[in-house]
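Encoded as structure tokens, the structure appears first; notes follow it.
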Amino acid sequence: MLKRLWRYLQRYQLYLWGREVIAAIRRIWPQFHGGVVSLHAAGSPHGHVLISYDNHGLLCKMRGQPIPTSHPQFLKTIIMAQTFVDLGYDVDVIHCENQRFIPWKPYDIMVDTRLNLQRLQPYLPSTCIKILHCDTAQIVYQNAAEMGRMLAFQRRKGLTVPPNRLETPHLGVEHADYLTTCGNEFTVNTYTYADKPIFRLPMVVQQMWPWPENKDFEVSRRRFLWFGSRGMVHKGLDLVLEAFARMPECQLTIVGPVRNEPEFANVYRKELFHTPNIKCVGWLDKSSEEFRTVLEQSLAHVFPSCSEAGAAAVVETMAAGVIPVVTYEASIDVENFGFLLEDASIETIMRQVREIAAMSVDELRRRAKKAWEAAHNNNTPEKFERSYRATIEMILAKHGRR
């Protein structure tokens, strides 16, 4: 009897041990963010590359699933990795938030976007070429800009909302040999303090829409759009809401995860949900017919962000013929078709919106067509792929490598 009881307890102890191990793995595994995705060059590789960006798109591709379109970083990571494979390198790809990964091989090149270049510096050979892809403005600048917007919000509304885009400052720039970015002059200027070579790349639009031949610009002249991801105060939705609440003659459609920021949504509950000329539809699938309908009905995209490295959301709407109305800090080249806000004040937004709504139909159509052409000519995945390959080949040539 005692022997049977002892064996039972041993089995039960084994069960408890196994349960604890499984629980520990479940807690730790998400910190690896999909682990390491490895791609191999044909034949003997010229060397090894580590990319620390976003491996989710690669994981989806390997599983036969569609590549997500919610953000261009998924496709950009795939293109970056494939570029090095095509140049003859074996490539390992990790997520930039994977803080557990430790290199087990000497890497000849490392590409990062956040903290890993600094963290992994001691493990990299002295000959490793280190490239930081800057997909935000410099973090210290970005944090200061967001806090400035939050302070202005606090003074206007008498309330504080949680920050949504603050990031831990890192020394990736200081450790990098080269920088790349999809932002324009604004973004580049936030990095010039480091005196590092910086290469501009085109932004990427995955969903290219046909030109809306039947768009009625007379009807849409007073229909505007705010479209963006998280960080409502950072991206200026508070300012846009307050401006349109004072312009009942103009309509505003909001596409974005507003309800994910409940403190913000509560402050602007009246404007978001109980103002006749403002419609909040929430986040939409960017390949959906509902999103396409919103784009076809909208004249211009008002996006007064405080800090970007090329606002992807704006270029995505340009690809459907929506005119950009942006701040300088949105990092968008509006050329002769868009509008650059003098500042991000509510009064400036109101004045610019009313000026646009008063323009002739021919002028509005011209600007919309030019915006559409700019996105279709400059922001295709193929354009990014060619530009990135040319940049990498130039860097490799400087180091006498293939």
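Descriptive notes on the structure:
- Nonlocal amide H pairs with Ala300, under 5 Å, H built at 1.01 Å: Leu225, Ile323
- Backbone phi angles across region 244-255, fed through the Karplus curve with coefficients 6.51, -1.76 and 1.60 (θ = phi - 60°), yield HN-Hα couplings of 6, 5, 9, 10, x, 6, 10, 9, 10, 10, 10, 10 Hz in residue order; Gly and Pro are listed as x.
- Summed over qualifying helices (DSSP H, 4 residues or more, each -39500 (n - 2.57)) and divided by its residue number, the chain shows a 222 nm mean residue ellipticity of -12500 deg cm²/dmol.
- Shown here for region 150-188: GluC sites (Glu not before Pro) in loop regions (DSSP other than H, G, I, E, B) with at most 15 other Cβ atoms within 10 Å, namely Glu167.
- Among the trypsin sites (Lys or Arg not before Pro) in region 165-233, those located in a DSSP loop and surrounded by at most 14 other Cβ atoms within 10 Å of their own Cβ are Arg230.
- Each of Ile102, Ile356, Ile346, Ile109 was scored by other Cβ atoms within 10 Å of its Cβ. Listed from fewest to most, they are Ile102, Ile346, Ile356, Ile109.
- The GluC sites (Glu not before Pro) of region 329-381 that meet both conditions, a loop assignment by DSSP and at most 13 other Cβ atoms within 10 Å of the site Cβ, are Glu335, Glu342.
- Structure-derived Cα Rg over 2.2 N^0.38 Å - corresponding label in (1) 1.67; (2) 1.13; (3) 0.99: (2)
- Computed over region 217-378, relative contact order equals 25 percent, with contacts defined as Cα pairs under 8 Å that lie 6+ residues apart.
- Residue by residue, region 168-176 carries 3J(HN,Hα) couplings of 5, x, 9, 10, x, 4, 5, 8, 7 Hz when phi is fed to the Karplus relation 6.51 cos²θ - 1.76 cosθ + 1.60 (θ = phi - 60°); x denotes Gly or Pro.
- Principal-axis tilt of helix 2-28 within the chain, Cα atoms, nearest 10 degrees: 40 degrees
- The chain, relative contact order in percent, only Cα pairs under 8 angstrom and at least six apart counted: 14 percent
- J(HN,Hα) series, region 319-324, from Karplus relation 6.51 cos²θ - 1.76 cosθ + 1.60, nearest Hz, glycine and proline x: 5, 10, x, 9, 6, x
- Summary of packing: across the peptides 137-146, 63-72, 237-246, 189-198, the per-residue average of other C-beta atoms within 10 Å ranks them, highest first, as 237-246, 137-146, 189-198, 63-72.
No value in this document is a laboratory result; all are computed from the given coordinates. Keep in mind that what you see is a predicted model, and the values were worked out from it rather than measured. Ideal geometry is used to build each Cβ from the backbone, glycine not excepted, and the neighbour counts take in all protein chains shown.
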